[in-house]
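The values are calculated or read from the model by the stated rules, or taken from the named source; none is laboratory data. All figures in this text were calculated on a predicted structure; none of them were measured in a lab. Ideal geometry is used to build each Cβ from the backbone, glycine not excepted, and the neighbour counts take in all protein chains shown.
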Amino acid sequence: MCVRMIFFLLFFVVPLNMVATEAKSFDKLLVDRSIDREHAALFSRILTLDNEGRIKPFHTIASEILRKTSREKQLYNQNPSQIVLGMMIDPLLWQMIPLIKVSDNDILKILKREGSLISFVSFFHDGKYILTPYVESAYSKKPIDRTKFDKNILKVDERVNICSMVFLDNLINIFPNEDGHWTSDMSMSIPGVDSLKTQSFKNVYRDLVYSTLDGENSWKEANLLLNFIQEKQKAYVPSILPSDFKIDVEILYNNLNPFGWNRLFIVYFLSGILLLITLLYNIFYSNLLIDYIYMFFKILIYSSFSFHILALIMRWYVSGHAPWSNAYESVIFIAFATMVAGITFSRKSLFTLPAACLVTSMLLVVANLNWLDPEMTNLVPVLKSYWLMIHVSVITSSYGFFGLCAFLGFFNMILIIFKMDKIEKQIKELTIINEQSMMLGLFLLTIGTFLGGVWANESWGRYWGWDPKETWALVSCIVYTVILHIRLLKSKYYNYLFNFFSLFCFSTILMTYFGVNYYLDGLHSYAAGDAFPIPTFILPTLVVLVLISIISFFRFNIRFNIK
């Protein structure tokens, strides 16, 4: 925690009595003191260096700051670049503006505040950080022992620290030196101007913006001053700067937010639900209108899938590496693989397309959860290999096919519950597709596991070491191999058993993908032995699936005995 910086900010930068003496309302101040949109757009193209060593436009880091602190894309009718620039230029104002997301009622009671957004100064009282004892208590516990309150405290504390660093101008580095080190400020040499006034670019820039806000100058002067930053960057590190086109693509990607709630997710989800309802209706009441509706949704889904591909290509181009290098990227790539599986089998059964859309929408829900960070980062050394593009893409593609299998298994058991002759044909057809999808998934998983062994030999000097990821990948291969051989038993319950196992055995994939990464200690793990608490929704979900499978079994048994 940046305690010293916060104390410095509190005592030397923020006069708290300013809250009571300010004559204008905050709404009026935000309008009067807002950064011009055109100027913010120009500043958005200024390159910065983050803590991970990645060079990215100011637009990206501003979007990340606002998303992390407020969980919003824009606030007070201002975009992220305007807000973060305001925080840097006019910290006295923005420290009093509600910016920090606090959703925990217990924390709000501690702060004695209401509302979901809290101002920076509200976290301090008599020069002390109010959350200090709670933060220290949370950090003293292992992750698995932390309560919901502890986790929320740490999230809020992180947001406060981010704001503190922005206010103190210690977060955003825009000036490279001759030795390649980047800083947040540097001196200017202006002929005919007192050197004391040009020791800091930020001071010159801030004074110019203030005079513009006061109506003394136009934004043209401030816009021209940005050329100084770009000239310094081109002078010291021209070889590592991204091109103007790449900057444009990254800003476009940020603005599109392709995998967000109101983009691909909503299209996939609504298309999947409505198309599924339409096809179910078509089983009983077939007419020409249904065919036209299906074609409409098919075109919409194919267009969304094309946009999905374009978004992955954009992310690949901007980041400089294949877009499956971290948890967030792997989820959106598995969503892509799921759609590939659905489109592949859509000619054999119309139901596979809405099924793939619904599975993909579920994956995008996971991608938008708070614990997955969509930030683009540089690759860690071990991933700087061509095997990243080969091994990871192959093995994660298999998860998309297995995800489709799980949903088809669940859907078939739902259909079994409704004992109707018209549905029986669909059950047999979808079971066959389920089997074919599983074959492709097992093929990809097996090949990907072997390729992982080759990569492991190059990286760690051995092909196989019984690492948790390796072990569970092998378990998944064995489990799905056994499932595919159920048909050799020639059991009268084959249609039910295959769908049952395709649903519940997907848990081995979930363990291979999520469980190993977050709960076990190994070379592929993120948790380093400190397990995260098991999500609360798992148990009720499992209970519901078990109940559905039991009801489905009895309905299947009754129907079989009747015949």
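Any chance you could count how many residues in the range 345-383 are in a helix (DSSP H, G or I), over 12 Å from Phe269 (Cα atoms) and touching a residue at least 24 places away in the same chain (Cβ under 8 Å)? Explain how you work it out, then say what you get.
As a first pass, look at the range 345-383 and keep what is in a helix (DSSP H, G or I): 345, 352-367, 381-383.
Cutting the leftovers down to over 12 Å from Phe269 (Cα atoms) gives us 345, 352, 366-367, 381-383.
So of that shortlist, the ones also touching a residue at least 24 places away in the same chain (Cβ under 8 Å) come out as 345, 352, 366-367, 382-383.
Total satisfying the criteria: 6.
Based on this model, can you work out whether Ser303 counts as assigned to a helix (DSSP H, G or I) and free of Cβ contacts under 8 Å to residues at least 12 places away in the same chain? Explain how you work it out, then say what you get.
On the way: assigned to a helix (DSSP H, G or I): yes; free of Cβ contacts under 8 Å to residues at least 12 places away in the same chain: yes.
When the stated conditions are applied, Ser303 passes them.
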(request) Residue by residue through the range 39-53, note down the ones that are surrounded by 22 or more Cβ atoms within 10 Å (Cβ to Cβ) and within 13 Å of Asn227 (Cβ to Cβ). (result) Phe43
(message) Would you confirm whether or not the range 383-400 contains a residue that is crowded, with 18+ Cβ neighbours inside 10 Å, within 25 Å of Ile558 (Cβ to Cβ) and among the small types (Gly, Ala, Ser)?
(response) no
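Looking only at the range 62-76, decide whether some residue is closer than 16 Å to Ile229 by Cβ, hydrophobic (A, V, I, L, M, F, W, C) and in contact with a helix residue (DSSP H, G or I) (Cβ under 7 Å, 6 or more places away or on another chain).
yes
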(request) State whether one or more residues within the range 484-491 are farther than 21 Å from Ala406 by Cα and touching a Lys or Arg at 6+ places or on another chain (Cβ under 7 Å). (result) no
(message) Quick check on the range 245-267: of everything there that is polar (S, T, N, Q) and free of Cβ contacts under 8 Å to residues at least 24 places away in the same chain, which residue is surrounded by the most Cβ atoms within 10 Å (Cβ to Cβ)?
(response) Asn255
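Being within 27 Å of Ser398 (Cβ to Cβ) and surrounded by fewer than 17 Cβ atoms within 10 Å (Cβ to Cβ) is the requirement here; does Gly320 meet it? Walk me through it before giving the result.
Working: within 27 Å of Ser398 (Cβ to Cβ): yes; surrounded by fewer than 17 Cβ atoms within 10 Å (Cβ to Cβ): yes.
Against the criterion (within 27 Å of Ser398 (Cβ to Cβ) and surrounded by fewer than 17 Cβ atoms within 10 Å (Cβ to Cβ)), Gly320 qualifies.
If the requirement is being surrounded by fewer than 19 Cβ atoms within 10 Å (Cβ to Cβ), without any contact (Cβ under 8 Å) to a residue 24 or more places away in the chain and under 22 Å from the mean Cα position of the chain (by Cα), which of these qualifies: Leu224, Leu280, Leu289, Leu270? So that I can check it myself, show each step before the final result.
Values: Leu224 fails: under 22 Å from the mean Cα position of the chain (by Cα); Leu280 fails: under 22 Å from the mean Cα position of the chain (by Cα); Leu289 fails: under 22 Å from the mean Cα position of the chain (by Cα).
Unique residue meeting the criteria: Leu270.
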(message) Let me confirm something: among Glu136, Glu158, Glu178, which residue is closer than 17 Å to Val121 by Cα and surrounded by fewer than 19 Cβ atoms within 10 Å (Cβ to Cβ)?
(response) Glu158
(request) Would you mind stating whether Phe450 is touching a Ser or Thr at 6+ places or on another chain (Cβ under 9 Å) and of a type in the set (Phe, Trp, Tyr)? (result) no
(request) Could you figure out which of (1) out of contact with any Phe, Trp or Tyr (no Cβ under 8 Å at 6 or more places or on another chain); (2) surrounded by 18 or more Cβ atoms within 10 Å (Cβ to Cβ); (3) among the hydrophobic types (A, V, I, L, M, F, W, C) isn't true of Trp94? (result) (1)
(request) Name the residue, out of Ser507, Ser552, that is more than 30 Å from Arg146 (Cβ to Cβ), modelled with pLDDT under 95 and surrounded by 11 or more Cβ atoms within 10 Å (Cβ to Cβ). (result) Ser552
(message) Between a residue in the range 71-92 that is of a type in the set (Ser, Thr, Tyr) and any residue that is buried (at least 22 other Cβ atoms within 10 Å of the Cβ), which pairs come within a Cβ distance under 6 Å, given they are 6 or more apart or on different chains?
(response) Ser81/Ala40; Ser81/Ser44; Ser81/His59; Ser81/Ala62
(request) For the range 108-147, name all the residues that are more than 14 Å from Ile97 (Cα to Cα), assigned to a loop (DSSP other than H, G, I, E, B), under 29 Å from the mean Cα position of the chain (by Cα) and of a type in the set (D, E, K, R). (result) Lys141, Lys142, Arg146
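Does the range 424-481 hold any residues that are assigned to a loop (DSSP other than H, G, I, E, B) and surrounded by 20 or more Cβ atoms within 10 Å (Cβ to Cβ), and which are they? Give the steps one after another, and end with the answer.
Within the range 424-481, the subset assigned to a loop (DSSP other than H, G, I, E, B) is 461-467.
Selection gives Asp467 alone.
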(message) Please verify whether Leu111 is in contact with a Leu (Cβ under 9 Å, 6 or more places away or on another chain) and more than 30 Å from Ser44 (Cβ to Cβ), treating the condition exactly as stated.
(response) yes
